[in-house]
Amino acid sequence: MRSHTEYMVFRTKKRRELVHLTPRLETILEKSGIREGMMLVSAMHITAGVFVNDDEPGLHQDIWTWLEQLAPFKADYLHHRTGEDNGDAHLKSMLVHHEVIVPITAGRLDLGTWQRVFYAEFDGQRDKRLIVKGMGE
Amino acid sequence: MRSHTEYMVFRTKKRRELVHLTPRLETILEKSGIREGMMLVSAMHITAGVFVNDDEPGLHQDIWTWLEQLAPFKADYLHHRTGEDNGDAHLKSMLVHHEVIVPITAGRLDLGTWQRVFYAEFDGQRDKRLIVKGMGE
Amino acid sequence: MRSHTEYMVFRTKKRRELVHLTPRLETILEKSGIREGMMLVSAMHITAGVFVNDDEPGLHQDIWTWLEQLAPFKADYLHHRTGEDNGDAHLKSMLVHHEVIVPITAGRLDLGTWQRVFYAEFDGQRDKRLIVKGMGE
């Protein structure tokens, strides 16, 4: 069995932002030498997410509008008693989910034609970490 | 380590449809010879999902009603500027998630009594692919 | 390759409850002897979930309020024709997702500073099972 682990750090300029990860994941896969297996891509924070969808700017705006409807930024979360104001970011993270598994086949990320991997920052402008772990042979 | 990969193609009659996958996954597991490990079941499209829940028709209707409430089919998604009309399908895919991992124990899918795996088509009537990758020993 | 499987049983006092799993998962990891790999933590029921987020009581109340808004307990789910009254629990399970994968690095659960793993019971007061499967080397 072969495994390979890398960490990425993001510090987004905006509080909420999407970062396209697929090219960086391909580079990591190449370094890993894994030909068959799985790659876990997982945010290490509870106010961020990772998802697979289309790299299309209109859709990305739709996603932000939708997330704001289902898990709105607002003042009255009980979590804010701790001094934070990011209750919405925790809920957005639960909705989007914080991780994906990408299959690895014949040394390549086995994604569909339009599938791309994104890091979703819900409370940025500070260092946030993500782990990529490949496992296979 | 042992790994085994298969692809399925779906072309549903209706635009939105659930397909029960568990029996096919059991067949793939048997072919794979894997006794201990994990099976990734992942849609290769961004307008479809995979989930685990009950095989109960009333619940399935509840799921469709619920998905339509939380991620409605409507005209004014910005994604539709590309000529598509499936913005809702992308959001439904994010909500349901596009993949699951099923544990494999003693040569069997280690699901609970009522757990079944479903492919959820949100924009069908055309060929859509899914990957099944088993990994273990 | 090394794999290790354990099952947990929960019988929560309340119908809806969160159970913090991280310390138990650390104990299982130690027993497994796995140094590099992944740990699948997956509810074996379709009315429960597993998620990663903050261990902060105010946030947990926010999560319950939010889940009740997005997947409310109510009488008129079609699933209730079977005699059940837990339609909401199935939808909450879909929303939260029933499983997570935790990376294992250098013999430890490779979680971020604030990441904790929770079992979310949506229809408890009876025995419910969860599987933990570690895989790696």
Legend entry - Candidate set: the stretch B:102-113, residues that are of a type outside the set (D, E, K, R) and open to solvent by 10 Å² or more (accessible area, probe 1.4 Å); chosen: the one nearest to B:Leu130 (Cα to Cα): B:Leu109
Legend entry - Members of the stretch C:73-101 that are hydrophobic (A, V, I, L, M, F, W, C), in contact with a Gly (Cβ under 7 Å, 6 or more places away or on another chain) and surrounded by fewer than 18 Cβ atoms within 10 Å (Cβ to Cβ): C:Leu78
Legend entry - helices (runs of 4 or more DSSP H) contained entirely in the stretch B:22-123, each with at least 1 residues that are closer than 30 Å to A:His60 by Cβ and out of contact with any helix residue (DSSP H, G or I) (no Cβ under 7 Å at 6 or more places or on another chain): B:57-70, B:87-96
Inset, instruction - Kindly list the number of the only condition in (1) more than 9 Å from every other protein chain (Cβ to nearest Cβ); (2) in contact with a strand residue (DSSP E or B) (Cβ under 7 Å, 6 or more places away or on another chain); (3) farther than 30 Å from B:Asp85 by Cβ that fails for A:His90. - result: (1)
Legend entry - Residue, nearest to C:Gly112 (Cα to Cα), within the stretch A:124-137, restricted to residues that are assigned to a loop (DSSP other than H, G, I, E, B) and not basic (Lys, Arg): A:Asp127
Inset, instruction - Check the stretch A:32-49 and report whether any residue there is without any contact (Cβ under 8 Å) to a residue 12 or more places away in the chain and over 14 Å from the mean Cα position of the chain (by Cα). - result: no
Inset, instruction - Scan the stretch C:23-72 residue by residue and report those that are more than 23 Å from A:Ile46 (Cβ to Cβ), crowded, with 17+ Cβ neighbours inside 10 Å, more than 10 Å from every other protein chain (Cβ to nearest Cβ) and not hydroxyl-bearing (Ser, Thr, Tyr). - result: C:Ile34
Legend entry - Whichever residue in the stretch C:114-137 is aliphatic (A, V, I, L, M) and within 29 Å of C:Ala71 (Cβ to Cβ) and, among such residues, is surrounded by the most Cβ atoms within 10 Å (Cβ to Cβ): C:Ala120
Inset, instruction - Spot the failing condition for A:Leu78; the list is (1) facing chain B (nearest Cβ under 9 Å); (2) in contact with a His (Cβ under 9 Å, 6 or more places away or on another chain), and only one is missed. - result: (1)
Inset, instruction - Determine if the stretch B:7-22 includes at least one residue that is aliphatic (A, V, I, L, M), open to solvent by less than 10 Å² (accessible area, probe 1.4 Å) and within 11 Å of chain A (Cβ to nearest Cβ). - result: no
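The values are calculated or read from the model by the stated rules, or taken from the named source; none is laboratory data. What you see is a predicted model, and the numbers here were worked out from it, not measured in a lab. Here Cβ is always computed from backbone atoms with ideal geometry, including for glycine, and neighbour counts include all displayed protein chains. Ligands, DNA and RNA are stripped out before the accessible areas are found, and what is left, the full protein with its side chains, is counted by its heavy atoms. Shrake-Rupley method; radii C 1.70, N 1.55, O 1.52, S 1.80 Å.
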